[in-house]
Amino acid sequence: MTSKQSYHVSPSGHYGDFGGAYIPEMLYANVEEIKNKYIEISNEPEFQAEFHQLLKDYVGRPSPLYKANTLSEKYGANIYLKREDLNHTGAHKINNTIGQILLAKRLGKKRIIAETGAGQHGVATATVCALMKLECIVYMGAVDIERQAPNVARMKMLGATVIPAESGSKTLKDATNEAIRDWINNAETTHYIIGSAIGPHPYPDMVTRYQSVISAEIKEQIQEKTGKDYPDYVVACVGGGSNAAGAFYHFLHDDRVQLILAEAAGKGIDTGHSAATSILGTKGIIHGCMTLLMQTPDGQIVEPYSLSAGLDYPGIGPLHAHLITTKRAKVYAATDDEAMQAVLELSAAEGIIPALETAHALAILSKMDLKSEDNVVICLSGRGDKDLNTYLKYIEEHKIEL
Ligand SMILES: *Cc1c(COP(=O)(O)O)cnc(C)c1O
């Protein structure tokens, strides 16, 4: 079954009304080079062999698809968890950084820069730079450095230089601004590994392709478990949208599969402390692409808020903006409190402590209208180790009995 609408990127880099490449002139040559070469390079047999070998032997893929029996009973449907939390470095981010480091090497780049929010993308980038012996500079908001200390330590141990972003809300958006500034100043030598399905074309498509291994595996694994090569629902949390894009990719044009996004409502959608981009956002340009973003009427970015550093971003990838506005994907929002409840629930129910970002995808299950025969795949994007301090603080402040 196929839909008439295309959800793949157009040759000009668009997803419907969204996407494109809005970049300063000084980055034009870099972005053009990547645009002209990324598909050809990624499809070379040698690239494919190295990519898949590393995903298997270094990352530990395929990640399991686990039938969560206690959750299934509780929500009255068959709930499967796609265990990206079991990847080396603890999240889906490594799939993309492996792809991009192989690309950067083939483009002859010697220096790698990245932005990071929760620190997972910074760790994944520092990891592949150590593996490939390339210099690594990671920009991270000063507030995030504070709340994600273990990941900062990891990046340093892996040989990366971590530079704090002190502007604005001192979070992911500001780190991204600093990374773009660096790239402009060092365009010739440097490849910028963007960590989500965002940025100027071809980044959203490139990141989605490297992450699409997630849905390729889901297709095979769900066939093994249910006899059908598709689930009824795929659910993923969305910051910029890379784990969701990867989990959706091979089902984008299969109408039997409902695509569900979970975004961060923060303290509540109408509280002024939220990162519910698709609900609060309007069309505009952020970090090189036309998409939905939280902005004032005169186009200034509204500071987002979420307890989870990985979802604390005012925009959403252009693919998702297109999926949402065409109603191909449905969005639910979960608050900090709902996400924290989901963390505690999954830990107790299945013995899996999820990342706080991931917990948003679990928290919306109760808002969905599930039937007992439904097969639901949740992209378990990352593990909760990095969030333990946040969890302990929350448990103490709310006097939760463990
Ligand atoms: C970074 C991160 C996210 C959010 O990023 P996407 O690009 O939207 O996937 C979600 N979960 C985890 C565990 C992360 O590290």
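Just one of (1) out of contact with any strand residue (DSSP E or B) (no Cβ under 9 Å at 6 or more places or on another chain); (2) surrounded by 18 or more Cβ atoms within 10 Å (Cβ to Cβ) trips up Ala49, so point out which.
Condition (2) is where Ala49 drops out.
Would you point out which residue out of Tyr15, Tyr28 is hydroxyl-bearing (Ser, Thr, Tyr) and within 16 Å of the ligand (Cβ to nearest atom)?
Tyr15
Taking the condition of being more than 17 Å from the chain's Cα centre (by Cα), in a strand (DSSP E or B) and in contact (Cβ under 8 Å) with a residue 60 or more places away in the chain, how many residues in segment 236-274 meet it?
4
Could you please find all residues in segment 261-290 being out of contact with any strand residue (DSSP E or B) (no Cβ under 7 Å at 6 or more places or on another chain), over 30 Å from Asn30 (Cβ atoms) and of a type outside the set (Ser, Thr, Tyr)?
Asp270, Gly272
Scan (1) under 15 Å from the mean Cα position of the chain (by Cα); (2) acidic (Asp, Glu); (3) more than 28 Å from Asp174 (Cβ to Cβ) for the single condition Glu84 breaks and write down its number.
Of everything listed in (1) under 15 Å from the mean Cα position of the chain (by Cα); (2) acidic (Asp, Glu); (3) more than 28 Å from Asp174 (Cβ to Cβ), Glu84 misses just condition (3).
Would you confirm, using the coordinates I've provided, whether Leu356 is modelled with pLDDT under 95 and within 15 Å of Ala265 (Cβ to Cβ)?
When the stated conditions are applied, Leu356 does not pass them.
Any residue in segment 106-117 that is buried (at least 23 other Cβ atoms within 10 Å of the Cβ), under 18 Å from Ala355 (Cα atoms) and either under 17 Å from the mean Cα position of the chain (by Cα) or touching a residue at least 40 places away in the same chain (Cβ under 8 Å) (or both)?
yes
Condition first: away from the ligand (no atom under 16 Å from the Cβ), modelled with pLDDT of 95 or more, part of a helix (DSSP H, G or I) and aliphatic (A, V, I, L, M). Can you find one or more residues in segment 61-80 that meet it?
Yes; the residues of segment 61-80 include at least one that is away from the ligand (no atom under 16 Å from the Cβ), modelled with pLDDT of 95 or more, part of a helix (DSSP H, G or I) and aliphatic (A, V, I, L, M).
Find the strands (runs of 3 or more DSSP E) located wholly in segment 111-181 whose residues include 2 or more that are within 13 Å of the ligand (Cβ to nearest atom) and either over 26 Å from Ala275 (Cα atoms) or in contact with a helix residue (DSSP H, G or I) (Cβ under 6 Å, 6 or more places away or on another chain) (or both), and list them.
111-116
Taking the criterion of being closer than 17 Å to Ala104 by Cβ, exposed (fewer than 12 other Cβ atoms within 10 Å of the Cβ) and under 24 Å from the mean Cα position of the chain (by Cα), would at least one residue in segment 18-30 satisfy it?
Checked segment 18-30: no residue is closer than 17 Å to Ala104 by Cβ, exposed (fewer than 12 other Cβ atoms within 10 Å of the Cβ) and under 24 Å from the mean Cα position of the chain (by Cα).
The values are calculated or read from the model by the stated rules, or taken from the named source; none is laboratory data. This is a predicted model, so every value here is computed, not measured. With ideal geometry, Cβ positions are generated from the backbone for all residues, glycine too; neighbour counts draw on all protein chains shown.
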